[in-house]
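*Asks:* What follows is a single structure, and I will ask about it in a moment.
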Amino acid sequence: MNSVMVDFTLNGEPRTVTVKPNMTLLEVIRDEFALTGTKEGCGQGECGACTVILDGKAVDSCLILISQVQGRTVTTIEGLGKDGSLDLLQSSFIEAGAVQCGYCTPGMIMSAKSLLLKNSNPSVDEIKRAISGNLCRCTGYTKIIKAVQLAAMNARDGSAGGEK
Amino acid sequence: MLQAFDVIRPRSLADALDAIADGNATLLAGGTDLLVRIKKRLLKPQLVVDLSALSELTEIEDEREQIVIGSLVTHGQIVESTLANRYLPVLVQGCATVGSPQIRNTGTLGGNIANASPAADSLPPLTVLDARVIIQSLAGKRELSLDAFITSPGKTQLRSGELITGIAVQKMQDNERCLYRKLGQRKALAISVASVAVRMAFDPAIRTSSASGIAFGAVVPVIRRVPELERMLSQGPLDLQAIKEISERAGEFCAPISDLRASAEYRRNMCSSLLYEVLYDLTS
Ligand SMILES: Cc1cc2nc3c(=O)[nH]c(=O)nc-3n(C[C@H](O)[C@H](O)[C@H](O)COP(=O)(O)OP(=O)(O)OC[C@H]3O[C@@H](n4cnc5c(N)ncnc54)[C@H](O)[C@@H]3O)c2cc1C
Ligand code: FES
Ligand code: FES
């Protein structure tokens, strides 16, 4: 098995890895970069715990081979906050009490983030659809949906006030 | 950890055709089917050819009477495409039901077709649209109707050294209506238990359809149009009684299996119910 060399942008930084070609994006993120916010649940596209944003879109990193990200841009949960402060989605998940065991949370937030990137005022149905690939065994989803609404509202208030 | 294999990532279609010419490579498009099969050890590839650099296969193009969809176009791209929404709404409806947002953002139309699953959600829509599969190899290009392309569950006419480059579909006309409806065990991440796509040229003034297409998914080994039912649709006004009679006969044209998700009998009944709902909605 020959190694592959892959260049991509990870959380805003250009990166090059030389790894075994049978590694998934999830394995590279966790094992090569020690970014362990992204979780592995099912490993088969069913749970969304491994969700990251690839070129602006939510994807399951457990089903992406590392060669597939050549030249592309990946954002993980660690890439959301800036300068030590949390992203609005992260703080609204805390505020709304949308985290219990927390295992689904990074994936959930990345799916919500990909929604807010293209829709700053989503309806409840749009939020449900955006997180429909993410399983949560604890919360019952209600507070997660509230948290996404709260983040969207805060982002709109922030931009209206000219602070962000 | 996936079993060991080598990966090459050709930069152009010509390089890709070279790389697969000897027939020993396994193609990777989005990977949503392939990686699951490798993880489950149903497949043990030696060499994987990653198609992700072939940007020439990621476009949806308007070619006069037809739309040509590159094989690497994702379900998500189709759902968002103005062209597809305008001319192939039934395909948009099918792709919108695939898996989850994450799966739709990765899984491709070419992969869905090559996989040839009886439950694939793009196939009933593409079947009523009489889609053609565009195939290329070093020897050249050929086109097959989707009907001819898929031969049995999971099996296609694709020869070694060939890959699907695109799918060509005639545009739907303004007087045509269409619907795809899928029954799964839940709303998201649900493989189809039964589904139906219907397309018809319907004249609301006389409640009559002049031409139509009907195809069921997940209840036949290979998805095909059902001419017997299609003919019934054109035999007079589609009032409630006619819709009821036509949909009651749906079960005759299905050969469902019983599996973990549903029994054959349930699937047969659901085909009738789905067809009833769809015809009702299309004619009201
Ligand atoms: C969690 C989950 C849920 C899913 N839900 C659904 C669903 O609801 N409905 C549904 O229809 N599908 C579903 N799928 C299946 C899958 O996502 C789709 O079939 C998808 O379209 C496959 O495309 P891909 O690009 O990922 O294929 P890949 O995995 O890359 O390839 C699939 C097969 O096709 C071959 N292939 C790929 N591209 C080409 C080409 N251009 N030419 C020749 N051969 C090619 C590959 O060699 C492989 O054998 C689901 C999958 C997962 C993991
Ligand atoms: S770990 Fe990737 S979807 Fe479950
Ligand atoms: S908080 Fe435990 S799985 Fe969602």
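*Asks:* Local charge sum around A:LEU26 (other residues, Cβ-Cβ under 13 Å, Lys/Arg +1, Asp/Glu -1)?
*Replies:* Computed value for this residue: -2.
*Asks:* Tell me, what is the percent relative contact order of region B:55-170, built from C-alpha pairs under 8 Å that lie six or more residues apart?
*Replies:* Numbers: 208 pairs, mean separation 32.7, N = 116.
Relative contact order, region B:55-170: 28 percent.
*Asks:* Please list, ordered by chain and number, the residues whose modelled amide H lies under 5 Å from the amide H of B:THR97; skip anything fewer than 5 residues away on the same chain.
*Replies:* none
*Asks:* Let me know the Rg and Dmax you get for region A:33-102 when you use only its Cα atoms, in Å.
*Replies:* According to the Cα coordinates of region A:33-102, Rg and Dmax are 13.2, 38 Å.
*Asks:* Another question, then. What residue among B:LEU144, B:LEU109, B:LEU129 has the largest mean-square fluctuation in a Gaussian network model of chain B, using Cα springs under 10 Å?
*Replies:* B:LEU144
*Asks:* For n ≥ 4 DSSP H runs only, could you compute -39500 (n - 2.57) per run for the protein assembly as shown, divide by its residues and tell me the 222 nm figure to the nearest 500? Intermediate values should be presented prior to the final figure.
*Replies:* On the way: 16 runs with 141 residues, N = 448.
Taken over the protein assembly as shown, the calculation gives -9000 deg cm²/dmol.
*Asks:* Counting alpha carbon pairs within less than 8 Å and at least 6 residues apart, what relative contact order, in whole percent, applies to region A:88-157? Working shown, then result.
*Replies:* On the way: 68 pairs, mean separation 36.2, N = 70.
About 52 percent, as a whole number.
*Asks:* Give me Rg/Rg_expected for region A:88-157, where Rg uses Cα atoms only and Rg_expected = 2.2 N^0.38 Å with N residues.
*Replies:* Numbers: Rg = 10.6 Å, N = 70, 2.2 N^0.38 = 11.1 Å.
It is 0.96.
*Asks:* Assuming a viscosity of 1.306 mPa s and a temperature of 10 °C, what translational diffusion coefficient in µm² per second does Stokes-Einstein assign to region B:176-283, Rh being the Kirkwood radius over Cα pairs?
*Replies:* Details: Rh = 13.9 Å.
Roughly 114 µm²/s, to the nearest whole number.
*Asks:* Let me ask you something else. If I model chain A as equal point scatterers sitting on the Cα atoms and use the Debye formula, what is log10 I(q)/I(0) at q = 0.18 Å⁻¹?
*Replies:* Scattering profile of chain A, log10 relative to I(0): -1.08.
*Asks:* If you put +1 on each Lys and Arg Cβ and -1 on each Asp and Glu Cβ, how big is the dipole of region B:55-170 around its Cα centre, in Debye rounded to 20?
*Replies:* Working: 8 positive and 12 negative charges, 62 e Å.
Computed charge dipole of region B:55-170: roughly 300 debye.
*Asks:* Using alpha-carbon pairs under 8 Å, 6+ residues apart, how would you state the relative contact order of chain B in percent?
*Replies:* On the way: 605 pairs, mean separation 42.8, N = 284.
With pairs under 8 Å counted, the relative contact order is 15 percent.
*Asks:* Report, in debye and to the nearest 20, how large the dipole of the protein assembly as shown comes out about its Cα centre when Lys and Arg carry +1 and Asp and Glu carry -1 on their Cβ.
*Replies:* Numbers: 47 positive and 48 negative charges, 181 e Å.
Computed about the Cα centre, the dipole is about 880 debye.
*Asks:* State whether region B:42-105 is rounded, prolate or oblate according to the following rule on the C-alpha gyration tensor (a ≥ b ≥ c being the square roots of its eigenvalues): a/c under 1.5 gives rounded; otherwise a/b larger than b/c gives prolate, and the remaining case gives oblate.
*Replies:* Details: a/c = 2.68, a/b = 1.51, b/c = 1.78.
It comes out oblate by the Cα gyration axes.
*Asks:* For region B:226-240 and region B:145-179, what is the separation of their Cα centres, given in Å?
*Replies:* Taking the Cα centre of each part, region B:226-240 and region B:145-179 sit 25 Å apart.
*Asks:* If you don't mind, another one. Work out from phi, with θ = phi - 60° and the Karplus expression 6.51 cos²θ - 1.76 cosθ + 1.60, the ³J(HN,Hα) of each residue of region B:31-45, listed in order in whole Hz, and give x for Gly and Pro.
*Replies:* x, 5, 8, 4, 5, 5, 5, 5, 4, 7, 6, 7, 9, 10, x
*Asks:* Then there's this: Can you put B:LEU126, B:LEU54 in order, fewest other beta carbons within 10 Å first? Before the final figure, lay out the partial values.
*Replies:* Values: B:LEU126 28, B:LEU54 21.
Least crowded to most crowded, the residues run B:LEU54, B:LEU126.
*Asks:* Let me ask something else about it. Quick one: the Cα spread of the protein assembly as shown along its three principal axes, in angstroms, biggest first?
*Replies:* Taking the Cα atoms of the protein assembly as shown, the three principal extents are 70, 55, 43 Å.
*Asks:* In square nanometres, what is the average projected area of the Cα convex hull of chain B?
*Replies:* Values: hull surface 59.3 nm².
Here the figure is 14.8 nm², rounded to one decimal.
*Asks:* May I pose another question? What's the center-to-center distance, using Cα atoms, between region B:11-76 and region A:119-149 in Å?
*Replies:* Cα centres, region B:11-76 to region A:119-149: 32 Å.
*Asks:* Taking θ = phi - 60°, what integer Hz values does the Karplus form 6.51 cos²θ - 1.76 cosθ + 1.60 yield along region A:76-83, in sequence order, with x for Gly and Pro?
*Replies:* Taking θ as phi minus 60°, the curve returns 10, 4, 5, x, 7, x, 10, 6 Hz for region A:76-83.
*Asks:* Would you work out if region B:1-109 is rounded, prolate or oblate? Take a ≥ b ≥ c from the square roots of the eigenvalues of the alpha-carbon gyration tensor; rounded if a/c is under 1.5, else prolate when a/b is larger than b/c, oblate otherwise.
*Replies:* Working: a/c = 3.03, a/b = 1.52, b/c = 2.00.
Cα axes put region B:1-109 in the oblate bin.
Each value in this text was obtained by applying a stated rule to the coordinates, not by laboratory testing. Nothing here was measured: the structure is a model prediction, and the numbers come from that model. No Cβ is skipped: glycine too gets one built from the backbone with ideal geometry, and neighbour counts run over all protein chains shown.
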